[in-house]
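Below: one structure, written as structure tokens.
Derivation of every value follows stated rules applied to the coordinates shown; laboratory data play no part. None of these values were measured; they are calculated from a predicted model. In this analysis, Cβ positions are derived from the backbone assuming ideal geometry, glycine residues included, and neighbour counts consider all displayed protein chains.
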2 protein chains.
Amino acid sequence: MPKIVDHEKQKQIVAEAAIRVIKREGIEQATVRNIAKEANLSVGSLRHYFSTQSELYAFTMNFVSERVKQRIKRMNFDGPPIVVIKNLLKEFIPLNEETRVEMEVWLAFTTKALVDPYLQPLSEKVYEELKFVMSYIIEKLIQNGLTKPHINQDLETDRLYALIDGLAMHIIMHPDKISSDQVDLIIEHHLQTLCK
Amino acid sequence: MPKIVDHEKQKQIVAEAAIRVIKREGIEQATVRNIAKEANLSVGSLRHYFSTQSELYAFTMNFVSERVKQRIKRMNFDGPPIVVIKNLLKEFIPLNEETRVEMEVWLAFTTKALVDPYLQPLSEKVYEELKFVMSYIIEKLIQNGLTKPHINQDLETDRLYALIDGLAMHIIMHPDKISSDQVDLIIEHHLQTLCK
């Protein structure tokens, strides 16, 4: 009986190996050779799943993005709007080991997408997805009559998005310079300044 | 008569070559070999100036940081405070080719510093320098009686800093998604929400 290999499952195992290599040694060391070694595969076998390094990277970035979405779907959305929104926004900031690894991978990939046209569409997709979340948050605040009058939805979406990504980057780059409590306070304060 | 080589000048030439390689091909291609080639030097000659790749990277990051400081020193600080501050903040956002290249190099280096302990101190230094600018801005607004009452200086410093770095990152990564005019509006609006 031939050995049955679950193609999709095997790709996920490779993606997890890629994440470990990026986390440990940085994106420059995340070569096909090193990822294959980490996944206990030959370079030839790995090429069976991903014909190029860019393809492997794109799959891994998508894998991380899906993991974030699944976690958000499992969240509890009961409670005061500002607390619920704050908790949702904190899912995009590396405040624990799991989200930290995800954000490092995202940052490494997005940086690489700058010079790799193959990764650009996925990088745009992830950008748009997160922008949609920000836009949805501002819209819900407005619709529920919680915001100050004359609020500019587009501007507040872009401002919130930049704030969240900036906080995320500061925590990734300089984890000892800004604490989880400070992030909490900043987000809560920002939401309060938008509201009555 | 022996050939006189200005050691410091030569290091700057190498840094400029490194910037061009990073800009064109990304940080992974910014190897000692490729940078030497770009600078028309042999790998051996380049090692005369920088004994390791990390040393070369650190020098280049410092070179970029000094260039930003020099440009800010030449700025005109006359005019209404919010306009002056907005123009100062815009120096840290890649709105033209010069600042764009600087920010790409900064992002590439900061990302690399995550896995290169040699680059970490310089990455911290650049972080602290920019945080000092943000803190100075908030302090001046408060001292000049422009801000709303009960403003929290530390929190507003961190919030402004995250906003500016987030905007910078969005412009680097997705230049067609957010315009220079939008950045202008967001910064001006943010400053206005801090003020009376």
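Computed log10 I(q)/I(0) for the protein assembly as shown at 0.08, 0.09, 0.14 Å⁻¹: -0.46, -0.58, -1.29, from the Debye equation with unit scatterers placed on every C-alpha and solvent omitted.
Using only side-chain charges placed at the Cβ, +1 for Lys and Arg and -1 for Asp and Glu, the dipole size of region B:30-176 relative to its Cα centre rounds to 260 debye. Compactness of region A:102-163 is given as radius of gyration and Dmax, 14.8, 44 Å, from Cα positions. Spin-label model, B:Leu185 to A:Thr193: label points 7 Å out along the Cα-to-beta-carbon direction sit 1.8 nm apart. Over region B:1-51, the hull volume per residue, using the convex hull of the C-alpha atoms, is 71 Å³.
Quick one: of A:Lys9/A:Lys90; B:Lys69/B:Lys148; A:Lys69/B:Lys125; B:Lys73/B:Lys131; A:Lys23/B:Lys125; A:Lys23/A:Lys90, which pairs are farther than 27 Å apart, Cα to Cα?
Details: A:Lys9/A:Lys90 29 Å; B:Lys69/B:Lys148 30 Å; A:Lys69/B:Lys125 35 Å; B:Lys73/B:Lys131 17 Å; A:Lys23/B:Lys125 23 Å; A:Lys23/A:Lys90 21 Å.
Pairs exceeding the cut-off: A:Lys9/A:Lys90; B:Lys69/B:Lys148; A:Lys69/B:Lys125.
Only alpha carbons enter this Debye calculation for region A:1-155, each as an equal point scatterer, and the log10 of I(q)/I(0) it gives at q = 0.11, 0.14, 0.18 Å⁻¹ is -0.54, -0.78, -1.08. Among A:His150, A:His170, A:His48, which one shows the highest mean-square fluctuation when chain A is modelled as a Gaussian network with alpha-carbon springs under 10 Å? Comparing A:His150, A:His170, A:His48 in the GNM, the peak value goes to A:His150. Note on region A:69-104 and region A:29-53: Cα centroid distance 32 Å, given to the nearest whole angstrom.
Scanning chain A for the beta carbon that comes closest to the axis linking it by rotation to B yields A:Gly166, 2, distance in whole angstrom.
In deg cm²/dmol and to the nearest 500, what is the mean residue ellipticity at 222 nm of chain A if only DSSP H runs of at least 4 residues count, each as -39500 (n - 2.57), divided by the residue total?
Numbers: 9 runs with 141 residues, N = 196.
The helix-only estimate for chain A comes to -24000 deg cm²/dmol at 222 nm.
Identify all aspartates and glutamates with a Cα-Cα distance to B:Lys140 below 19 Å; exclude those on the same chain that are fewer than 8 residues away in sequence. Candidates past the 8-residue exclusion: B:Asp78, B:Glu91, B:Glu128, B:Glu129, B:Asp154, B:Glu156, B:Asp158, B:Glu188. Normalising by residue count, region B:134-196 has a Cα convex hull of 74 Å³ per residue.
Counting only complete DSSP H runs, which helices of chain B cover 18 Å or more along their long axis at the Cα atoms and score a mean Kyte-Doolittle of -0.5 or above? Those that clear 18 Å and a mean of -0.5 are B:97-113, B:120-143, B:153-173, B:180-194. If you wrap the Cα atoms of region A:72-194 in a convex hull and average its projected area over all directions, you get 8.2 nm².
Placing pseudo-labels 7 Å out from each Cα toward the beta carbon at B:Ile82 and A:Thr52 gives an inter-label distance of 4.8 nm.
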